[in-house]
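See below for the structure under consideration.
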Amino acid sequence: MQQSERFYAQMQLIRRTEQTFFELYAQGLMAGTVHTSIGQEACAVGVVSALDREQDVIFSSHRAHGHFLVYCNAVDELVAELLGRASGIVGGVGGTQHLHVRNLYTNGVQGGIVPNAGGAALAEKLKRSGAIVAVFLGDGTMGQGVVYESMNLAALWSLPLLFVLEDNQYAQSTHRSLEHAGALAGRAAAFGIEGAELEADDVLAVYAAACQAVEFVRSNSRPFFLTLHTYRLAPHSKGDDNRSPEELARSWARDPLARLAASLDPLQRSEIDAAVEKRIQAAVDKALAAALQTIDDFRSCMAVPVTKAEVIPKLQFPISYLESLRTALHTILERNPAAVVLGEDILDPYGGAFKVTQGLSTRFPDRVFTTPICEASIVGLSVGMALRGLRPIAEIMFGDFVALAADQIINHAAKYPAMYNGQVSVPLVVRTPMGGGRGYGPTHSQSLERLFFGIPHLKLLAASHAHDAGALLQQAIADLDPVLFIENKLLYPLRLERGSEWLERNETSDCYGYPVVTLCNCGAGQMPDVTVIAYGGMSRLLVPLLERMASEEIRLLACLPSCISPLDAAPLAAAARQSGRVLVVEESPVAFGWGAEVAAQIEALAGDCLLAPVVRLGTAATVIPAAKPLEDAVLPSAEMLEDAIFTLLQAL
């Protein structure tokens with residue numbers, strides 16, 4: 001088959017497959033939505049055909065059927081996916097917007113895939129694989145700030161990344177003239193990224209331009225920005241189209257598929273058309289006869305693995321919380337060649353705002369990356385690197401700024417494994433210091449981990465200074481799930497608490513394999529009067545409180561889990577049963593918080609043993625003031641803990 005005939009067959013396959021999706025919707029056989037690329041087929045065929053489909057990597061968005069079909073030709077699996085069948089490319093979980101096969105990844109969140117593609121390009125560069133990464137984006141996506149963060153890093157780090165802008169003139173229903181000032185193709189030039197642009201109504205011209213762009217990226221290991229001016233002939237999704245009939249008629253007259261068809265022998269074209277129709281009908285029949293994906297099969301794909309870290313070298317005690325973390329980072333990079341670290345101001349001699357990364361860039365200059373202020377892209381690149389086999393550790397300078405990366409954490413890192421039906425993992429760690437007590441004020445003192453509690457497939461770890469913080473970090477980097485690793489600022493200078501003559505320390509594991517530490521001031525054979533359940537920085541208040549209460553013959557048991565979400569409540573309930581009186585403490589407002597979940601779980605598992613309702617203590621429901629007297633009044637204090645404990649002791 002000649003090139004023109006082959007390209008026509010691919011474009012016709014895309015066109016008729018997507019038209020068939022509209023027909024299946026009309027028959028009530030499909031649910032949800034579908035975003036077609038009718039009219040844009042030359043972009044998919046021209047660009048993907050120019051790539052090395054064995055090794056190059058593709059990221060695309062919600063409008064990716066064409067990219068998928070040219071990449072892998074898996075019509076049966078695509079049709080089955082949109083019909084919700086177990087034989088779908090991701091088992092019916094992803095649907096139209098979330099497809100994955102081999103080195104192709106799609107996601108429906110506009111712009112979010114761009115830093116993921118940048119991270120994948122960095123991974124391929126570090127691995128010296130010779131692969132390049134292509135990321136498809138629409139003109140509407142050019143309103144997203146993370147796109148420009150990614151352009152900056154791609155140029156700064158000389159990444160083998162091909163940006164492909166499919167300028168179809170509309171973001172859903174709004175013309176780009178109402179959304180963007182200036183020329184879209186000129187955006188990349190501001191970052192020193194070379195580019196080209198052309199009308200995408202001739203697939204052969206698109207292919208030629210794409211071949212040149214791919215060759216430039218591959219040979220120079222530099223980004224390139226290819227702008228393809230095209231037009232979406234079908235609605236954004238099913239029937240939502242408010243464009244005028246006159247505008248649509250003008251665009252249909254320039255249909256790239258019809259243009260290519262006119263250049264072919266009519267008999268050859270008819271044979272291709274018949275073969276395409278037969279293949280699509282067979283795919284529909286096969287999918288309709290196949291079994292639907294079941295919830296049990298889906299759950300089995302997403303079974304939570306128990307984390308089993310490699311043997312971790314014993315630290316020399318005494319050691320501070322900070323030294324423990326820093327030593328762990330050095331050990332991780334020394335022992336795991338796939339590990340990389342990135343974040344703001346982390347290079348020597350500065351070594352990070354809290355000095356946790358000090359010395360790393362001197363020892364491992366090729367695996368420690370300082371970034372601009374771009375939290376979303378710091379995490380987004382980490383996601384892409386993790387998808388491509390690396391083990392990134394991202395530092396967010398202050399925990400308050402994880403809000404800027406929330407989309408990447410929630411809609412990308414945590415979702416890829418599940419929405420791809422368990423076919424990928426995203427093993428990354430996002431480290432960040434949380435909490436107040438240092439006078440940094442309302443935007444640098446919060447405990448925002450609460451925003452991420454209960455997010456499926458995301459783990460939140462918070463080491464107290466009664467834990468071996470460094471060992472926990474090494475365990476986190478071995479986890480197949482993404483991990484948000486919370487470090488309390490006030491713990492950094494404290495020595496790790498290992499127990500003493502008056503303080504008994506015990507350590508067990510929760511169902512996820514992470515340590516749960518208990519500290520007790522009870523004598524031999526004695527039961528505690530009150531159980532205090534807390535995490536992270538609250539240990540700095542609990543350790544001296546246990547000593548002080550022991551002198552007053554008040555027996556306390558402090559239970560400190562390290563994995564705070566998802567929550568294994570069994571060890572917490574066991575600790576609650578020992579006293580029947582429970583206080584839950586967190587450095588965050590109590591409303592809708594971690595303590596509320598702990599209280600509910602304890603009531604469910606150990607309610608028959610409780611002598612009083614569970615009491616919750618947290619930060620006042622306001623901003624964290626900068627002035628020390630005000631900050632001290634807002635944050636939980638030792639005095640507040642004592643008052644709550646005495647209140648519990650007075651309960652009948």
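Among the residues of the range 497-527, count how many are part of a loop (DSSP other than H, G, I, E, B), modelled with pLDDT of 95 or more and buried (at least 22 other Cβ atoms within 10 Å of the Cβ).
1
Of the residues that make up the range 214-231, is at least one crowded, with 17+ Cβ neighbours inside 10 Å and free of Cβ contacts under 8 Å to residues at least 24 places away in the same chain?
Yes.
Of everything in the range 336-358 that's touching a Leu at 6+ places or on another chain (Cβ under 8 Å) and without any contact (Cβ under 8 Å) to a residue 24 or more places away in the chain, which residue is nearest to GLN474 (Cα to Cα)? Quick ask: steps written out before the conclusion?
First pass over the range 336-358, keeping only residues touching a Leu at 6+ places or on another chain (Cβ under 8 Å): 338-342, 346, 348, 351, 354-357.
Add one more test, that the residue is without any contact (Cβ under 8 Å) to a residue 24 or more places away in the chain, and what stays is 348, 351.
Values: ASP348: 22, GLY351: 19 Å.
Ranking the candidates gives GLY351 first.
Give me a count of the residues in the range 359-373 that are touching a residue at least 24 places away in the same chain (Cβ under 8 Å), more than 22 Å from GLY399 (Cα to Cα) and in a loop (DSSP other than H, G, I, E, B). Step through it out loud before you land on a result.
From the range 359-373, those touching a residue at least 24 places away in the same chain (Cβ under 8 Å) are 359-360, 363-364, 366-373; that's our starting set.
Still in the list and also more than 22 Å from GLY399 (Cα to Cα): 359, 363-364, 366-367.
Now drop any that are not in a loop (DSSP other than H, G, I, E, B), which leaves 359, 364, 366-367.
Count: 4.
Scan the range 599-621 residue by residue and report those that are more than 31 Å from the chain's Cα centre (by Cα) and assigned to a helix (DSSP H, G or I).
Once the filter is applied, which keeps residues that are more than 31 Å from the chain's Cα centre (by Cα) and assigned to a helix (DSSP H, G or I), the range 599-621 yields GLU603, ALA604, LEU605, ALA606, GLY607, ASP608, CYS609.
When both residues are 6+ apart or on different chains and their Cβ atoms are under 6 Å apart, which pairs have a first residue that lies in the range 599-615 and is closer than 16 Å to LEU649 by Cβ, and a second that is outside any helix (DSSP H, G or I) and among the basic types (Lys, Arg)?
LEU611/ARG581; ALA612/ARG581
Return the only residue of LEU360, LEU322, LEU329 being at pLDDT 95 or above, in contact with a Phe, Trp or Tyr (Cβ under 7 Å, 6 or more places away or on another chain) and surrounded by 13 or more Cβ atoms within 10 Å (Cβ to Cβ). Give the derivation first.
Values: LEU360 fails: in contact with a Phe, Trp or Tyr (Cβ under 7 Å, 6 or more places away or on another chain); LEU329 fails: in contact with a Phe, Trp or Tyr (Cβ under 7 Å, 6 or more places away or on another chain).
Result: LEU322 is the single residue among LEU360, LEU322, LEU329 that is at pLDDT 95 or above, in contact with a Phe, Trp or Tyr (Cβ under 7 Å, 6 or more places away or on another chain) and surrounded by 13 or more Cβ atoms within 10 Å (Cβ to Cβ).
So which residues in the range 550-572 are surrounded by fewer than 22 Cβ atoms within 10 Å (Cβ to Cβ) and not polar (S, T, N, Q)? If you could, list the steps in order and put the result at the bottom.
Keep residues of the range 550-572 that are surrounded by fewer than 22 Cβ atoms within 10 Å (Cβ to Cβ), which gives 550-555, 565-571.
Answer for the range 550-572, where residues must be surrounded by fewer than 22 Cβ atoms within 10 Å (Cβ to Cβ) and not polar (S, T, N, Q): ALA550, GLU552, GLU553, ILE554, ARG555, PRO566, LEU567, ASP568, ALA569, ALA570, PRO571.
Applying the selection to the range 36-77, what residues are among the hydrophobic types (A, V, I, L, M, F, W, C), in contact with a Phe, Trp or Tyr (Cβ under 7 Å, 6 or more places away or on another chain) and surrounded by fewer than 24 Cβ atoms within 10 Å (Cβ to Cβ)?
The answer is ALA50, and nothing else.
Tally up the residues in the range 544-585 that are assigned to a helix (DSSP H, G or I) and within 33 Å of the chain's Cα centre (by Cα), please. Please lay out each step first, then the result.
Taking the range 544-585 and keeping what is assigned to a helix (DSSP H, G or I), we get 544-551, 570-579.
Then drop every residue that is not within 33 Å of the chain's Cα centre (by Cα), which leaves 570-573.
Total meeting the criteria: 4.
Using the structure shown, decide if VAL402 is in the same structural domain as ILE486 (by TED's automatic domain parsing), of a type in the set (Val, Ile, Thr), in contact (Cβ under 8 Å) with a residue 24 or more places away in the chain and in contact with a Pro (Cβ under 9 Å, 6 or more places away or on another chain). It would help to see each step written out before you state the result.
On the way: in the same structural domain as ILE486 (by TED's automatic domain parsing): yes; of a type in the set (Val, Ile, Thr): yes; in contact (Cβ under 8 Å) with a residue 24 or more places away in the chain: yes; in contact with a Pro (Cβ under 9 Å, 6 or more places away or on another chain): no.
When the stated conditions are applied, VAL402 does not pass them.
The values are calculated or read from the model by the stated rules, or taken from the named source; none is laboratory data. Only a predicted model underlies this, so the values are computations on that prediction, with no experimental measurement involved. Neighbour counts are summed over all protein chains in view; Cβ atoms, including those assigned to glycine, are modelled from backbone coordinates with ideal geometry.
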